[in-house]
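The values are calculated or read from the model by the stated rules, or taken from the named source; none is laboratory data. As the structure is a prediction and not an experimental result, all values here were calculated from the model. Note that each Cβ is placed from the backbone with ideal geometry, even for glycine, and that neighbours are counted across all protein chains shown.
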Amino acid sequence: MNIRDEEVLREMNLYPLWVRRNVSVAEQSAGRTSVRPVGLQSDLQASDKPNISKSPATDWAALKQQVHDCTACGLRAGCTQTVFGVGDEHADWLFVGEGPGADEDALGEPFVGQAGKLLDNMLAAIRLKRGDNVYIANIVKCRPPANRTPAPDEIATCLPYLQQQIALIQPKLIVALGKTAATALLGREATLGSLRGMLHNYAGIPLLVTYHPAYLLRSPAEKAKAWQDLCLAQTTLQHSNNGTAS
């Protein structure tokens, strides 16, 4: 481990407690029985078919224009601008959060505040970085007032835009950041704890669930669990690239 790696893990409060070893996913998970190597355990009861809108965009330019012009729910009237998403449009990794906050609303890019800084450190911990084989988006494209959780009707209205992004990107792995992102993509209500530590399926794409970086800022003791999730995500994609994932 080099100095930069140590700095990243220290920033996440994971060093020296958590050092990546060549062990199985189950061992990394410290006994979580729901975690198995990729291909042995998965949740296939999730959304197998995305609910694409009636007139889906067929390219990035058209989709960006649709989002920019959208006034389908009340969120657009209360925000500065839409926050479309950012990153490699052919990325293997797709990270999905809940919705823009104040910083994101001002700058037009997801995860640019303190939560974004932590997300960047989480990416660096598994040798990733924003914009390089990584795409970042949110369930809703407009900031909810006072950063509240998006309402079900707001999610239902905006979700087709994300579904079209997924169809265009065709990622090899989706990481849902927080309960709102996870339940919206999986199409069912569940606790975050029950969704973590296992492989889900979104339209044939492996999907994993972890904590939202904003939650980790409020609850730093959970960062060790987030590291477990990142290790599982990395192992999942390695198996997929090796052609061993189901």
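Before moving on, here are some points about what is shown:
- Here the range 136-195 is the region considered, the condition is being among the basic types (Lys, Arg) and in contact with a Leu (Cβ under 9 Å, 6 or more places away or on another chain), and the residue that is farthest from Arg76 (Cα to Cα) is Lys172.
- When residues in the range 230-246 are screened for being assigned to a helix (DSSP H, G or I) and touching a residue at least 40 places away in the same chain (Cβ under 8 Å), 11 of them pass.
- Every residue from the range 188-200 that is surrounded by fewer than 21 Cβ atoms within 10 Å (Cβ to Cβ) and either within 21 Å of Leu118 (Cα to Cα) or within 15 Å of the chain's Cα centre (by Cα) (or both): Leu192, Gly193, Met198
- Restricting the first member to the range 80-93 and to residues that are on the phi > 0 side of the Ramachandran plot, and the second to residues that are assigned to a loop (DSSP other than H, G, I, E, B) and not charged (D, E, K, R), the beta-carbon pairs closer than 7 Å and six or more apart or on different chains are Gly85/Pro110; Gly87/Gly131.
- Scanning the range 121-139 for residues that are within 13 Å of the chain's Cα centre (by Cα) and not small (Gly, Ala, Ser) yields Met122, Leu123, Arg130, Val134, Tyr135, Ile136, Asn138, Ile139.
- Of the residues examined, Ala203 is one that is closer than 22 Å to Asn133 by Cβ, surrounded by fewer than 22 Cβ atoms within 10 Å (Cβ to Cβ) and over 10 Å from the mean Cα position of the chain (by Cα).
- Exclusive hit being within 24 Å of His90 (Cα to Cα), touching a Ser or Thr at 6+ places or on another chain (Cβ under 6 Å), modelled with pLDDT of 95 or more and of a type in the set (A, V, I, L, M, F, W, C), set Leu199, Leu185, Leu232, Leu162: Leu199
- The set of residues in the range 130-148 being touching a helix residue (DSSP H, G or I) at 6+ places or on another chain (Cβ under 6 Å) and surrounded by fewer than 15 Cβ atoms within 10 Å (Cβ to Cβ) consists of Pro145 alone.
- Of all residues in the range 120-177, those satisfying the criterion of being closer than 25 Å to Gly193 by Cα and of a type in the set (D, E, K, R) are Asp120, Arg148, Asp153, Glu154, Lys172.
- Test: residue in the range 126-137 that is modelled with pLDDT of 95 or more and assigned to a helix (DSSP H, G or I): no
- Looking only at residues of the range 151-191 that are β-branched (Val, Ile, Thr) and outside any strand (DSSP E or B), we find that the one that is farthest from Asn242 (Cα to Cα) is Thr157.
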